[in-house]
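Visitor: Starting off with a structure, shown below.
The values are calculated or read from the model by the stated rules, or taken from the named source; none is laboratory data. Just so it is clear, the model here is predicted, and its values are computed rather than measured. Counting neighbours? That spans all protein chains shown, and the Cβs are built from the backbone with ideal geometry, glycine included. Each accessible area value is taken on the protein alone, full model and side chains, heavy atoms only, with ligands, DNA and RNA left out. Shrake-Rupley method; radii C 1.70, N 1.55, O 1.52, S 1.80 Å.
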Amino acid sequence: MDCSKIGELIYTLRKEKNMIQKDVADALNISPKTVSKWERGLGVPDVSILSELSDLFGVNVGDILKGEIDINEREAINMRKTEFYVCSECGNIITAINSADIYCCGKKLKKLEYTNASESDHDFSVEYVDGEYYLTMNHPMDKGHYIDFALYITSDKMQFVKLYPEQEIHVRFKKQGKGFFYVYCNKDGFFRKYA
């Protein structure tokens with residue numbers, strides 16, 4: 001842990017928020033001298049206030065401890081590169097177009113890795129009917145084991161359908177061109193097929 005880097009980052013974040021050291025100190029119920037000490041690299045924030053400091057500046061606790069914020073390089077947006085994350089605690093479904101550190105319910109989420117549907121026991125069919133793709137699948141849909149969502153992604157569009165237990169898996173997507181279809185099973189993971 002580099003005290004100087006952490007101090008420089010806190011100084012930069014404070015200036016970006018147009019705050020003085022007293023503003024930060026008041027928000028965290030500490031003395032302005034403590035904030036000054038951090039910014040000069042003579043100490044670091046106590047673990048007990050890192051979460052509050054993170055909320056105050058709107059940055060990740062890990063970035064504060066590293067003393068730098070990782071900025072993703074700007075890339076041309078291609079929806080086919082979208083990454084998906086599902087929180088095992090609350091069921092949140094989160095997407096990111098570029099690599100990202102995603103947290104939910106206090107835990108860092110792992111990017112979903114897909115398996116080719118045709119090479120698994122989670123194969124599904126996609127038919128083209130009346131200008132739409134029609135995805136069907138034979139899979140349990142009870143409260144403990146079900147398909148949570150289905151997706152259709154092309155290079156510039158994404159269509160998402162949330163599914164629920166006891167619902168049949170009959171999903172329609174408006175045709176947008178060639179792309180990937182995905183289903184996510186709450187027990188067995190992420191499955192993909194190209195059409």
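Visitor: For the chain, give the percent of accessible area contributed by carbon and sulfur heavy atoms, probe 1.4 Å, rounded to a whole number.
Guide: C and S fraction of accessible area: 46 percent.
Visitor: Measure up Lys108/Lys157; Lys5/Lys110; Lys33/Lys107; Lys81/Lys193; Lys143/Lys187; Lys108/Lys143 against 21 Å on the Cα-Cα distance and list the ones that go over.
Guide: Lys108/Lys157; Lys5/Lys110; Lys33/Lys107; Lys108/Lys143
Visitor: Let me ask something else about it. Helix 3-16 versus the longest principal axis of the chain: what angle, 0 to 90°, nearest 10, using Cα atoms?
Guide: Taking the Cα atoms of the chain, the angle to 3-16 is about 80 degrees.
Visitor: Given only helices, namely DSSP H runs of n ≥ 4 each adding -39500 (n - 2.57), what is the per-residue ellipticity at 222 nm of the chain, to the nearest 500 deg cm²/dmol?
Guide: -7000 deg cm²/dmol
Visitor: For the pair Asp130/Glu166, report the inter-label distance in nm, with labels modelled 7 Å from Cα in the Cβ direction.
Guide: 2.8 nm
Visitor: Could you do me a favour and compute the accessible area per residue for segment 1-141, 1.4 Å probe, result in Å²?
Guide: For segment 1-141, the solvent-accessible area averages 63 Å² per residue.
Visitor: For Ser155 and Lys110, compute 0.36 nm times the residue count separating them, minus their Cα-Cα distance, and round to one decimal in nm.
Guide: Result: 13.9 nm gained on full extension.
Visitor: Can you tell which of Ile94, Ile153, Ile30 shows the greatest fluctuation in a Gaussian network model of the chain with Cα springs below 10 Å?
Guide: Result for the chain, Cα springs under 10 Å: Ile30 fluctuates most.
Visitor: While we're here: Against the empirical 2.2 N^0.38 Å scaling, what ratio does the C-alpha Rg of the chain come to?
Guide: In units of the 2.2 N^0.38 Å rule of thumb, it is 1.40.
Visitor: Could you tell me the distance between the Cα centroids of segment 27-48 and segment 151-188, to the nearest Å?
Guide: Cα centroid to Cα centroid, the span is 49 Å.
Visitor: Pairing the Cα long axis of helix 47-57 with the longest principal axis of the chain, what angle in degrees results, from 0 to 90 and rounded to the nearest 10?
Guide: 70 degrees
Visitor: Under a Cβ-Cβ cut-off of 11 Å, what is the net charge of the residues other than Val161 that fall near it, where Lys and Arg count +1 and Asp and Glu count -1?
Guide: +1
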